[in-house]
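Written below as structure tokens is the structure these notes are about.
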Amino acid sequence: MQNKSIAEMAADLRLRSYSSVELTRHYLERIARLDPGLNSFISVAAEPALAAAEHADRAIAAGTAGPLAGIPIAHKDIFCTSGLKTSCGSRMLDRFIAPYDATVVERLAAAGAVVLGKTNMDEFAMGSSNETSYYGPVRNPWDPTRVPGGSSGGSAAAVAARLCAAATGTDTGGSIRQPAALCGVTGIKPTYGRCSRWGMIAFASSLDQAGVLARSAADAACVLDEMAGFDPRDSTSADVAVPDYVDSLDEEIAGLRIGLPKEYFGAGLDGRVAASVHEATKELERLGADVRDISLPNSPLSVPVYYVVAPAECSSNLARFDGVRYGHRCEDPRDLEDLYKRSRAEGFGAEVQRRIMIGTYVLSAGYYDAYYLKAQKIRHLIADDFQRAFEEVDVIMGPTAPTTAFPLGAKMDDPVAMYLNDIYTIATNLAGLPGMSIPVAPVDGLPVGLQLIGNYFQEARLLSVAHRFQRATHWHLAAPEGFQ
Amino acid sequence: MMQWETVIGLEIHTQLATRSKIFSGAPTAFGAEPNTQACAIDLGLPGVLPVLNAEAVRLAVRFGKAIGAEIARRSIFARKNYFYPDLPKGYQISQYELPIVGEGRVEIVLDDATVKSVGVTRAHLEEDAGKSLHDDKLGGGGYSGIDLNRAGTPLLEIVSEPDMRSPKEAVAYARKIHQLVRWIGISDGNMQEGSFRVDANVSVRPRGQTLFGTRTEIKNLNSFRFIERAIQFEVERQIDVIEGGGTVVQETRLYDPERDETRSMRSKEEANDYRYFPDPDLLPLELDVAFIVDAVADLPELPDARRERFHIQHGLGEYDASLLTGSRDLADYFEAVVAATGEPKLAANWVNGELAAALNRADVEIAQSPVSAAMLAGLIRRILDQTISGKLAKQVFEAMWAGAGDADQVIRAQGLRQITDSGQLEPMIEAIIAANPDQVSQYRAGKEKVFGFFVGQVMKESKGKANPRQVNEILKRKLAGDP
């Protein structure tokens with residue numbers, strides 16, 4: 001059951017081959033049996049899930065079911081869910097229950113999806129290995145001694161391990177694509193503004209975007225169809241018509257112009273990963289695409305720019321966690337300052353504190369121009385690079401991450417080494433472009449991701465290119481040992 | 001002895017009269033139970049986002065137009081970051097580098113009736129914070145309470161140039177802005193409820209010096225009297241400091257009305273670094289021409305223009321014209337009286353005199369006056385047609401104020417009609433002359449002051465209803481011995 005596509009599951013549910021309650025029980029049983037070794041879920045909501053499944057079964061019987069009726073999914077624990085804890089991977093929100101649903105949660109519920117639980121993540125989405133979570137690291141289903149990537153590591157591992165049909169994620173600098181690559185699943189980060197950020201706990205507001213992790217481009221299209229669209233509650237959401245992603249999956253690939261930025265294949269990239277990516281682009285050439293080299297000259301500046309902009313925004317976004325109204329509060333504060341200091345010192349982990357401090361520093365009087373303002377200027381240059389490239393090509397491709405999954409603990413003492421994991425994904429967020437990662441030939445039994453970057457609101461094109469590739473290859477079908 | 005010059009600039013926070021908050025749909029009404037008018041957005045819960053209230057923008061645009069300022073076609077919301085328990089997000093959404101309203105000017109009328117132009121540097125939109133309630137108001141126990149009803153209330157912060165040179169000028173400017181925001185309907189200006197709060201930047205310098213002295217900022221002045229008192233105290237304090245050989249420290253001070261003094265709140269070193277940056281949750285505010293045109297389409301004739309018109313059209317002096325344009329309601333009232341009587345001078349005297357005094361005593365606004373413009377006009381008509389004397393008119397006015405009906409009703413009910421019938425007056429006067437032979441002799445001996453005595457007697461006898469002009473005429477004649 002767990003290896004079927006979402007379209008197949010939906011068809012089975014409509015034919016009553018099995019009920020959503022049965023499907024949901026099946027996934028809950030897999031989670032209970034397999035997740036203790038992975039730690040991909042922070043909360044499992046068995047009872048609400050079964051109630052939603054029953055509701056979906058009735059809706060299917062009544063012919064009133066939405067497109068995702070009865071399909072069990074999981075939400076990254078960054079999306080607020082009314083009545084179900086939303087921790088954001090932090091001690092700060094260990095007991096926080098939002099009184100509202102995120103728009104993404106609301107829309108998927110309206111489409112009939114069943115929520116199995118909330119997935120583990122790096123604390124406040126700050127990390128590339130899922131090791132900064134207050135709830136402990138997630139293990140990679142392909143090798144439990146290795147990281148799943150982050151910050152949507154729980155969602156990626158859960159999808160790879162077939163613990164849910166698909167999962168939501170968020171991507172601020174690569175947090176959907178990099179774990180998708182490291183766990184061998186398909187992940188899409190849409191254009192900034194494509195999905196509403198309402199109810200999605202902010203890390204860096206100008207970069208954060210919700211997306212999907214799934215086992216295929218077709219599955220991702222099914223879910224994204226229901227998530228995307230304008231939301232008046234988010235002033236940065238785009239009032240741009242959303243095409244039907246499932247309908248456009250079969251677009252022809254012949255004549256597609258693919259650009260490989262030379263900056264994405266330089267030092268730091270594992271040669272075997274490069275070979276795997278090149279092999280995939282050759283496959284696309286065989287399918288009729290025209291592959292050429294391009295340049296994104298400012299892309300090497302992405303990481304430093306990102307580590308000014310994202311911490312700056314996070315230092316302000318996380319100021320609301322002050323121990324006053326909700327969230328962690330220290331015991332017996334002596335005075336207001338003590339309340340602030342200890343509540344935040346106890347509630348936030350080391351990486352979050354580091355980024356708050358960096359962000360506070362770069363926004364300080366006397367440093368603002370040198371750091372924040374300059375970073376914003378370079379951000380424009382990076383976006384301009386992409387626009388020049390898109391005059392010549394339709395899709396840009398390259399590796400999603402420089403290496404395959406690394407061992408747990410390997411980079412925890414070296415933040416810069418950790419940050420470099422996102423070297424190929426960050427520029428996309430800085431420019432606000434849609435990006436995707438799909439599995440290609442593995443290296444030493446570990447998954448490798450091919451990154452696809454499109455122009456604004458070209459999610460349909462990315463999904464169709466990925467779908468065409470997946471119809472011609474089998475990498476996305478591989479399941480890790482013990483989770484088939 | 002050194003001559004000192006005072007330099008004052010004001011920052012005025014005026015609450016915009018919107019029904020809902022600037023970034024959420026929660027209501028803005030004053031006086032509700034604590035924390036009943038704050039939604040998830042106002043509480044700063046995780047994942048919530050602000051959406052700008054278009055009405056607040058419209059009101060800001062009206063203000064900009066009213067002071068002749070440039071309306072920014074593109075303005076930016078920025079975050080002002082600091083920690084305080086009544087600031088739910090840990091930042092206030094405000095405008096910093098690109099405010100919605102640019103430079104403008106207003107005119108103030110000084111005591112000597114000269115007109116002075118004061119520059120407005122800018123005006124920007126921002127959200128208010130909540131309110132902290134401390135121990136004493138919560139019945140003890142060492143607790144502080146937070147009421148977030150106010151959080152997210154739309155404010156327009158109006159920043160002046162340092163153009164004022166005395167506490168009186170500062171008050172005149174504050175009154176002017178207060179008049180204007182109410183006049184154009186963007187704020188109720190209620191100072192008790194905190195809808196109009198003033199911060200004063202004050203410095204002194206030796207007269208003739210062009211460089212500004214070090215300034216202090218006095219926060220949260222919520223009455224015109226406090227503005228004047230606080231600045232006056234602060235000016236004297238600064239001069240004392242300098243003349244005593246010290247230097248003024250740049251700091252924020254609070255005015256204590258009970259002790260009539262300002263006290264240091266925090267120094268420059270303790271000041272927050274607000275780390276302003278553009279709010280990534282809100283796109284730049286882009287206004288199209290149609291929005292601006294629509295926002296200002298129904299702007300009323302502005303107070304300065306109306307004051308000037310009162311001066312020219314109704315022949316009023318600068319002082320009367322300025323008083324009568326203190327609020328739109330007052331100006332409308334005045335013009336209604338003029339329209340009904342054709343007597344601007346008399347109307348101005350009554351509105352600025354008896355009516356103003358009565359309103360003041362009762363502490364009510366012109367809109368709540370029990371004597372309507374039509375009623376006052378009716379009274380003035382009875383003065384003009386000599387039905388009653390000016391003195392009796394005051395009595396009629398008081399009765400109208402007390403709810404005894406319109407002028408004619410009062411005159412009839414109290415029998416106040418003037419006695420103009422000489423057949424009635426002459427015998428009365430003759431009797432009085434006959435009863436006071438001593439005074440008659442004195443008058444006839446040239447002691448003309450005694451004339452007043454006779455007038456008083458006649459008025460007393462007629463219960464004030466005798467027509468004074470007629471009394472004079474008959475008395476003179478009879479005392480002279482003419483029949």
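Structure values in brief
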read-out: Largest-first principal axis extents of the Cα set of segment A:285-381 (Å); value: 67, 38, 20
read-out: Debye, to nearest 20: dipole size of segment A:218-312, +1 on Lys, Arg Cβ, -1 on Asp, Glu Cβ; value: 680
read-out: Other protein chain Cβ atoms within 10 Å, averaged over every residue that makes up A:310-319; value: 4
read-out: Projected label distance in nm at A:THR145 and B:LYS460, using a 7 Å step from Cα toward the beta-carbon; value: 12.2
read-out: Relative contact order, percent, segment B:71-227 [alpha-carbon distance under 8 Å, six or more residues apart]; value: 16
read-out: Compactness index (Cα Rg / 2.2 N^0.38 Å), segment A:228-310; value: 1.51
read-out: 24 Å Cα-Cα threshold exceeded, pairs from B:LYS131/B:LYS219; A:LYS118/A:LYS189; A:LYS76/A:LYS189; A:LYS118/B:LYS80; value: A:LYS118/B:LYS80
read-out: Area projected by the alpha carbon convex hull of segment B:384-471, averaged over all directions, nm²; value: 6.3
read-out: With at most 16 neighbouring Cβ atoms within 10 Å, loop trypsin sites (Lys or Arg not before Pro) (DSSP) excluded, longest segment of chain B; value: B:269-416
read-out: Equivalent ellipsoid, segment B:111-219 (semi-axes from 5 times Cα gyration tensor eigenvalues, Å); value: 32, 20, 13
read-out: For segment A:132-203 and segment B:424-480, distance of Cα centres in Å; value: 107
read-out: Sequence of B:SER203, A:SER216, B:SER441 once ranked by neighbouring C-beta atoms within 10 Å, starting from the fewest; value: B:SER441, B:SER203, A:SER216
read-out: Gyration tensor (Cα) of segment A:1-101, equivalent ellipsoid semi-axes in angstrom; value: 27, 17, 10
read-out: Over segment B:305-345: Rg over Rh, Cα atoms, Kirkwood Rh; value: 0.92
read-out: Where labels lie 7 Å past Cα in the beta-carbon direction, separation of B:LYS131 and B:ALA271 in nm; value: 2.8
read-out: Interatomic Cα distance distribution for segment B:350-421, bins of 5 angstrom, percent; value: 3, 18, 31, 24, 13, 7, 2, 1, 0
read-out: Measure of compaction for the protein assembly as shown (Cα Rg per 2.2 N^0.38 Å); value: 1.29
read-out: Net dipole in debye of segment B:61-105 [+1 Lys, Arg Cβ; -1 Asp, Glu Cβ; about Cα centre; nearest 20]; value: 160
read-out: Whether segment B:269-322 is rounded, prolate or oblate, judged on the alpha carbon gyration tensor where a/c under 1.5 counts as rounded; value: oblate
read-out: Sparse-neighbourhood loop sites, GluC sites (Glu not before Pro) in segment B:130-238 - DSSP loop, at most 16 other Cβ within 10 angstrom; value: B:GLU193
read-out: Förster radius 41 Å - calculated FRET efficiency between A:HIS278 and A:SER17, Cβ distance, rounded to 0.05; value: 0.50
read-out: Kirkwood-based shape ratio for segment A:337-424, expressed as Rg/Rh from alpha carbons; value: 1.09
read-out: Cα-based reach from A:LYS262 at 19 Å (exclusive), listing lysines while leaving out same-chain residues under 8 positions away; value: A:LYS282
read-out: Chain B: angle of helix B:422-435 to the longest principal axis, Cα-based, in degrees nearest 10; value: 80
read-out: Chymotrypsin sites (Phe, Trp or Tyr not before Pro) restricted to segment A:228-281 and DSSP loop, no more than 12 other C-beta within 10 Å; value: none
read-out: On Cα atoms only, tilt of B:390-401 relative to the major axis of chain B in degrees; value: 50
read-out: Ratio of the Cα radius of gyration of segment A:392-469 to 2.2 N^0.38 Å, where N counts its residues; value: 1.22
read-out: Residue order, fewest to most surrounding Cβ atoms within 10 angstrom, among B:ASP273, B:ASP438; value: B:ASP438, B:ASP273
read-out: Sequence-distant lysines (8 or more away, or on other chains) whose Cα lies within less than 17 Å of B:LYS116; value: B:LYS168, B:LYS176
read-out: Cα pair distances of chain B binned at 10 Å [whole percent]; value: 4, 15, 21, 20, 15, 10, 7, 5, 2, 0
read-out: Crossing angle, helix B:328-341 versus chain B [Cα axis fit, 0-90 degrees, rounded to tens]; value: 30
read-out: Of B:PHE291, B:PHE224, B:THR214, farthest towards positive along the dipole that unit charges on Lys, Arg, Asp, Glu beta carbons give segment B:202-301; value: B:THR214
read-out: Spatially proximal aspartates and glutamates relative to A:LYS341 (Cα-Cα < 19 Å; intrachain offsets below 8 disregarded); value: A:ASP94, A:GLU123, A:ASP322, A:GLU331, A:ASP332, A:GLU351, B:ASP86, B:GLU270, B:ASP273
read-out: Relative contact order, percent, segment A:168-232 [alpha-carbon distance under 8 Å, six or more residues apart]; value: 39
read-out: Non-local Lys pairs in segment B:331-471, i.e. 8 or more apart or on different chains, that have alpha carbons under 28 Å apart; value: 18
read-out: Dipole moment magnitude, nearest 20 debye, the protein assembly as shown about Cα centre, only Lys, Arg, Asp, Glu C-beta charged; value: 1300
read-out: Mean-position separation - Cα centroids, segment B:119-196 and segment B:338-411, in angstrom; value: 35
read-out: Linear extension gain, B:LYS394 paired with B:LYS116, 0.36 nm per residue minus alpha-carbon span; value: 96.5 nm
read-out: Whether segment A:327-368 is rounded, prolate or oblate, judged on the alpha carbon gyration tensor where a/c under 1.5 counts as rounded; value: oblate
read-out: Average Cα contact separation per residue, segment A:144-265, under 8 Å, 6 or more apart, as relative contact order %; value: 22
read-out: Between segment B:252-275 and segment A:312-382, the Cα center-to-center distance that results, in Å; value: 26
read-out: Chain A - convex hull of alpha carbons, volume per residue in Å³; value: 134
read-out: Residues A:ASP225, A:ASP208, A:ASP247, sorted so that the one with the fewest Cβ neighbours within 10 Å comes first; value: A:ASP247, A:ASP225, A:ASP208
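Read-outs: derived from the displayed coordinates by stated rules, not from any lab. Owing to the predicted nature of the structure, the values given are computational and were not obtained by experimental measurement. Note that each Cβ is placed from the backbone with ideal geometry, even for glycine, and that neighbours are counted across all protein chains shown.
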